[in-house]
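Following: one structure in C-alpha cells, then a few remarks.
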Ligand SMILES: [Zn+2]
Ligand SMILES: [Zn+2]
C-alpha cells in the first residue's frame, strides 16, 4: 500500500518528540529547539493552504503507470504564494531568535521582503525548475545554501499538500517499489522500517512515503550482496545506515519497532547528523533534495 506524508502528525507530537530527543541527545539541544519550531510553523502553515488540485488525465496516468514513471515533474507542484511568504517571514523570525548561524541571513531576507527588494515567486519557480538563483543570493549578500534552505522550507507545506492530493492517483496501483518517489521522481532522504519490517522511503522533495524492496540499494538498484553494507551504534539501535559500494551513496533508516516516541522524520534526521559524518568520512555521499 502506498502511504502519504504524515498529515496526522500534530504540533503536540512534534513538540513531545523534540523534548524527548533533546533529553536523549543534549548536544543537539539548540538545533532541535530551532528545527522543532520550524516544523511546527510548517505544520501550521499547511492547514491554511488553498491550492487547486493537480489533474492528470486518465490516458496520461495509464501511460505513466505502465512505464513506472512518477505522476509529475517537480516543476508541476503548485505553491500558495501568500502562505509561503507568511511562513518565510516566520522562519526569518525564528532564525533571528533561535539560530545564531542563520540569524544574519534571516534578517536580510526579512528586510528585503519588507522593503519590496525580493521578488519571491520567480525564486519559488527557479527552485522547482532546477534553474539557478545564485544572483539573488549575491544581491542580498547571503550564502546560496542558506537562501535555498529558507525558500525550500517556506515552500515545503505547499509541495506536501500537492503530494497528498496527487497520491490519490496511486491508490489503485500496486507499489512499484522503486528507489525514487512515485509522485515526483525525487530521491528519498531518509527511510524507515515499519512495524511489519517493511522498508519505506520518504521523498526529499514532497515527503511522500512509499514502500521499496527490503534488499538492495535504493539509488542504483544494485542487489549485489558484496556492495551492500550497513552500520549502527549499540547506543542507538533504532538507526541503521545503509551504504552501497556500487554507487557510493548512503541512506539512514529508522527502525520504528525500536522507537519509543512519535516518528517525526525530519527531527530524527537532524539528530543523526553524527551518522552522516561517519558515512561521509568513509567516502559515501547522500542524494540531496533538489538544489
Ligand atoms: Zn516526491
Ligand atoms: Zn547503490
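Quick notes on this structure:
- Residues being within 15 Å of ligand 1 (Cβ to nearest atom) and either within 13 Å of residue 242 (Cα to Cα) or not assigned by TED's automatic domain parsing to the domain that holds residue 253 (or both) - total across segment 202-218: 1
- Picking from residues in segment 64-80 that are modelled with pLDDT under 95 and outside any loop (DSSP other than H, G, I, E, B), the one that is surrounded by the fewest Cβ atoms within 10 Å (Cβ to Cβ) is 66.
- Residue within segment 273-290 that is in a strand (DSSP E or B) and farther than 18 Å from residue 181 by Cβ present: yes
- Criterion applied to 206, 217, 181, 244 was being in contact with a strand residue (DSSP E or B) (Cβ under 9 Å, 6 or more places away or on another chain), under 27 Å from residue 79 (Cβ atoms) and crowded, with 18+ Cβ neighbours inside 10 Å, and the one residue passing it is 181.
- Test: residue in segment 126-139 that is buried (at least 18 other Cβ atoms within 10 Å of the Cβ) and touching a residue at least 40 places away in the same chain (Cβ under 8 Å): yes
- Any chance residue 142 is away from ligand 1 (no atom under 16 Å from the Cβ), in a loop (DSSP other than H, G, I, E, B), touching a residue at least 12 places away in the same chain (Cβ under 8 Å) and within 17 Å of residue 88 (Cα to Cα): yes
- Residue count, segment 220-241 (criterion: surrounded by 14 or more Cβ atoms within 10 Å (Cβ to Cβ) and either within 16 Å of ligand 1 (Cβ to nearest atom) or in a helix (DSSP H, G or I) (or both)): 1
- Meets criteria (in a helix (DSSP H, G or I), in the same structural domain as residue 133 (by TED's automatic domain parsing) and away from ligand 1 (no atom under 13 Å from the Cβ)) for residue 163: no
- Filtering segment 193-215 for residues that are within 16 Å of ligand 2 (Cβ to nearest atom), outside any helix (DSSP H, G or I) and in contact with a helix residue (DSSP H, G or I) (Cβ under 7 Å, 6 or more places away or on another chain) leaves an empty set.
- Apart from one condition, residue 118 fits all of (1) under 25 Å from residue 272 (Cα atoms); (2) in a loop (DSSP other than H, G, I, E, B); (3) touching a helix residue (DSSP H, G or I) at 6+ places or on another chain (Cβ under 6 Å); the exception is (1).
- Residues (away from ligand 2 (no atom under 16 Å from the Cβ), under 23 Å from residue 219 (Cα atoms) and part of a loop (DSSP other than H, G, I, E, B)) located in segment 166-192: 173, 174, 175, 176, 181, 182, 183, 184, 185, 186
The values are calculated or read from the model by the stated rules, or taken from the named source; none is laboratory data. Keep in mind it's a predicted model, so treat the numbers as computed, not measured. For neighbour counting, all protein chains shown are included, and Cβ atoms are generated from backbone atoms with ideal geometry for every residue, glycine included.
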